[in-house]
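The values are calculated or read from the model by the stated rules, or taken from the named source; none is laboratory data. Since the model is a prediction, treat every value here as computed from it, not as a measurement. Because the Cβ atoms are built from the backbone with ideal geometry, glycine has one as well, and the counts that use them run over all protein chains shown. Heads up: the accessible areas ignore ligands, DNA and RNA and are worked out on the full protein's heavy atoms, side chains in. Shrake-Rupley method; radii C 1.70, N 1.55, O 1.52, S 1.80 Å.
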Amino acid sequence: MNETIQPQQIKTVDQLQVHIYDNRALLGTAAASHVAHKMKELLDSKSRIRMVFAAAPSQNEFLQALKSTEGIDWSRVTVFHMDEYIGLAQEAPQRFGTFLRERLFDEVKPGEVHLINSAGDIDEECRRYAELLGAAPIDIVCLGIGENGHIAFNDPPVADFNDPSLVKSVELDLPCRQQQVNDGCFASLQEVPTHALTLTIPALFSGAHLFCMVPGKTKTAAVHRTLNGSISTECPSTILRKHPDCTLYLDPDAYAGDMS
């Protein structure tokens, strides 16, 4: 694909493609262009495609650009999201399903929208959502990386590269909960739920094409560890270096810790 927005730098770390853009807005626009191109390419040869989306402020520019992209037949797209808090009211604005509905799904109107329902029996919901995910291959996963290196809510204490489940309930570690305050999603740490449902790392890794958008100074340390640390659940995002088709999109703030 001919990029209309050229990255200031491209590098490869193991199998991970890394693109660094001049600023956060360009990062989001470029990532959306690449995701849209892949969606159209797949829809040319498949009747339907299946996608997983992350819900976080780091995804705002990407989601804004993607929903503005013309020529995507969203009616043939089935969408999932990758995590949801346990214990938040259904109407709470911090719910990840609400985040994605407001910023993408309600506007582009995918053919099927599967949201995690964390309000009822948790074990049953894990089974239900895992069945939906496992019904057919996942084509595209759009994700981010947390300040502690988590992908989805697979924080270091609970991350498992060989997890036997596709969906599980987890206790959120303190850095993860503090990030929700840092991001402006909650006013205080006490308001952040302590538990959540998450897609596991094998569920995310099962996607054929991964696009990972990580802007901002708060992600500098996590990006540095992702690119330079040993591949370990101590920084779960390091596993992205082993995926056969994953691109990491960074801005200079996020990449600042890896300028050596």
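What the table shows:
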{"read-out": "Placed amide H near ARG50: partners under 5 Å, 5+ positions off or other chain", "value": "THR78, ASP139, ILE140"}
{"read-out": "Cut-off under 5 Å, modelled amide H: who pairs with VAL13 long-range", "value": "VAL18"}
{"read-out": "For segment 1-111: rounded, prolate or oblate by the Cα gyration tensor [a/c cutoff 1.5]", "value": "oblate"}
{"read-out": "Inter-site label distance for THR194 and THR218 at 7 Å from Cα along Cβ, in nm", "value": "2.2 nm"}
{"read-out": "Percent carbon-and-sulfur accessible area, segment 95-177, ignoring ligands, DNA and RNA, probe 1.4 Å", "value": "48 percent"}
{"read-out": "Heavy-atom accessible area per residue - the chain, 1.4 Å, Å²", "value": "42 Å²"}
{"read-out": "Theoretical ellipticity at 222 nm over the chain - DSSP helices of four or more residues, -39500 (n - 2.57) apiece, nearest 500", "value": "-8000 deg cm²/dmol"}
{"read-out": "Tensor-based shape of segment 120-260 (alpha-carbon gyration tensor, a/c under 1.5 rounded, otherwise prolate or oblate)", "value": "oblate"}
{"read-out": "Residue-by-residue Karplus 3J(HN,Hα) for segment 143-160, coefficients 6.51, -1.76, 1.60, Hz, glycine and proline x", "value": "9, x, 10, x, 4, 9, x, 6, 10, 6, 9, 8, 5, x, x, 10, 5, 9"}
{"read-out": "Amide hydrogen neighbours beyond the local backbone of LEU172, cut-off 5 Å, H modeled", "value": "HIS195, ALA196"}
{"read-out": "Estimated FRET transfer efficiency (ASP22, ARG128; beta-carbon r; R0 41 Å; 0.05)", "value": "0.45"}
{"read-out": "Backbone HN-Hα couplings from phi across segment 237-250 [Karplus 6.51/-1.76/1.60, Hz, Gly and Pro as x]", "value": "5, 4, 5, 4, 5, 9, 6, x, 8, 10, 10, 9, 9, 10"}
{"read-out": "Among 16-26, 35-45, the order from most to least packed when residues are scored by Cβ within 10 Å on average", "value": "16-26, 35-45"}
{"read-out": "Vicinal HN-Hα couplings computed from phi for segment 217-227 (Karplus, 6.51 cos²θ - 1.76 cosθ + 1.60; Hz; Gly/Pro x)", "value": "5, 5, 9, 4, 5, 5, 5, 4, 5, 4, 8"}
{"read-out": "Global form of the chain, assessed from the alpha-carbon gyration tensor, a/c cut-off 1.5", "value": "rounded"}
